[in-house]
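Since every read-out is calculated from the coordinates, none of them should be taken as a lab result. Bear in mind that the values here come from a model prediction, so they are computed numbers and not experimental data. Counting neighbours? That spans all protein chains shown, and the Cβs are built from the backbone with ideal geometry, glycine included.
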Amino acid sequence: MDETIADTRRLISKPQNLNDAYGPPSNFLEIDVGNPQTVGVGRGRFTTYEIRVKTNLPIFKLKESTVRRRYSDFEWLRNELERESKVVVPPLPGKALLRQLPFRGDDGIFDDSFIEERKQALEQFINK
């Protein structure tokens, strides 16, 4: 009967230089959600968010791009991902229906603090 002996020698790694230590990672995809802007009046009023993408992945034609999107665009993206993939898609922040009721003491979904909370939640969603 042959006995198998595990090889416990350490792998020899090349020494790390300054570029390896402090240079950009070999592959990265950074997505930031920011700069919210509310546009329109009355029932046509909505908030858009600036989406900035930076990457060095070869599948992307542009290494940096910026677009503006609103909450409904994130809903569309989530629905498409859920429909077309077999992975679990994270939830979006809620619709905030109570904030849309009339006669509130604040600006509802257009209140600065709510917009900031939603911006952070959308960034968490898109990065998951």
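What distance in nm separates the two pseudo spin-label positions at Arg68 and Asn56, each 7 Å out from Cα along the beta-carbon direction?
Rounded to a tenth, the inter-label distance reads 3.2 nm.
In whole Hz, what ³J(HN,Hα) sequence does segment 112-128 give by Karplus (6.51, -1.76, 1.60; θ = phi - 60°), x for Gly and Pro?
4, 5, 5, 4, 5, 4, 5, 4, 5, 5, 5, 5, 4, 4, 5, 7, 6
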